1. For a test of the definition: using alpha carbon positions, the gyration tensor, and the 1.5 limit on a/c, classify segment 147-219 as rounded, prolate or oblate.
2. Could you tell me the relative contact order of segment 1-75? Use alpha-carbon pairs under 8 Å, at least six residues apart, and round to a whole percent.
3. On C-alpha positions alone, give me the angle between the axis of helix 212-222 and the longest principal axis of the chain, in degrees, nearest 10.
4. Of the listed values (1) 1.13; (2) 1.04; (3) 0.97, identify the label whose number matches Rg/Rh (Cα atoms, Kirkwood Rh) calculated from this model.
5. Normalised by the residues of segment 147-209, what does the relative contact order come to in percent, with Cα pairs under 8 Å and at least six apart?
6. Between segment 168-190 and segment 46-77, what is the C-alpha centre distance in whole Å?
7. Calculate, in nm to one decimal, what T261 and K20 gain on full extension: separation in residues at 0.36 nm each, minus their alpha carbon distance.
8. Relative to the longest principal Cα axis of the chain, at what angle does helix 324-336 sit, 0 to 90 degrees, rounded to 10?
Amino acid sequence: MSREQMASRLEQAFANPRQKFCFYSANGAETGSARLNSLPLWDWTPYRTHGGGGSTCMVPLAFGCPPVDIGDGKQWIKPLITNAAQVCDLVIPDPRDGQTGKMIRRTAELARTLPPGDRVRNPDIQSPLGIAELMWDQSFYLALVESPEAVHELLDKITKFQIDYIQAIQQAAGDRYNPCGFPLVWCSGTGTMVADDTMSLISPVMHAEFSLPYVNRIATAVGPLYYHSCTWRAPYFDNLRQLKHVRAINWNPGNSDDPATLIREFSGSAVLALHLVLDMHKDNDVLKLGHDFADEAEFFAYCLDAMTDESCLYWWFSNIREKGPVMEKIYDLLHERGYSPQAAGVA
């Protein structure tokens, strides 16, 4: 089968995530295994994706947060807001200016110059609440209680900016767009990533008030949504089920509740786009499971064993791919269960 047929298989999975399968990708990168590298296609990457990235502080910079040089050519920011009264005077900037404007133009250039079939990835898109936290000083979490109207006004302005910015990125990328900024899996069509990492820093009630409605506005306007939040806990499950227009969801399996529980809870609702990194089997939340996994491959097998008949998983292998023997164990496990491109007849 051709790369186009592999891409079609992936597109069908995103369109109907209730079909049991486990895709996986390292964005076509080589591994620490000579055997895997010798295969024409060892992972599910029909074409490579480039670009994306971008700084977490791009949007706060666009709104006027003062930049701070932190060395190695990198910038961070100082908070712009020190009291709720300042929010009213805050002007929504044009995303085609500043750092976001550079990202839009970079996206357009990549879309114009990439090799045939390759794609340009959606940049780092933080949730409006995550951006607001960066823009406000240390009194931000107190403001959620004492000045909720001002916080909502700020979130509304950020959301409007984000929608305009994402639309510009989508237009710049055109048909070369990969809407999943993280994890680094292959996908096509329109949509956007949103990283909602402030979820675990506030109560479920506060998350339902201050984050979920704004994430859903983005999903409705420029979705479907490729949703990420590092830490998923059971008290937030009801909120997560209220996400709209979701195509894929991602969490950190080493820093959340039991991945077997999460896989069972959310299978069928979207593609479960997880990621595996070096030494994840040693993370504190994994150790609490009490299984004493010998390596990342054993932890990965534990996650596969949790799949239901409606589980569509799509794993991204990050720096774990550098461990050749472990990657071979993972590949052999996937191949034996019919999930490798070779076993599925696409390579």
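1. Details: a/c = 3.54, a/b = 1.73, b/c = 2.04.
Judged from the Cα gyration tensor, segment 147-219 comes out oblate (a/c at least 1.5, b/c at or above a/b).
2. Numbers: 35 pairs, mean separation 19.5, N = 75.
RCO, segment 1-75: 26 percent.
3. 70 degrees
4. Matching entry in (1) 1.13; (2) 1.04; (3) 0.97: (3).
5. Values: 29 pairs, mean separation 11.8, N = 63.
Here the relative contact order equals 19 percent.
6. Going from one Cα centre to the other spans 18 Å.
7. Numbers: separation 241, 0.36 × 241 = 86.76 nm, distance 1.66 nm.
Answer, rounded to one decimal: 85.1 nm.
8. So the helix axis and the longest Cα principal axis differ by about 70 degrees.
Every number in this text was worked out from the coordinates using simple rules, so none of it is lab data. These numbers come from a predicted model, not from an experiment. Cβ coordinates were reconstructed from backbone atoms using ideal geometry, including for glycine residues, and neighbour counts include every protein chain displayed.
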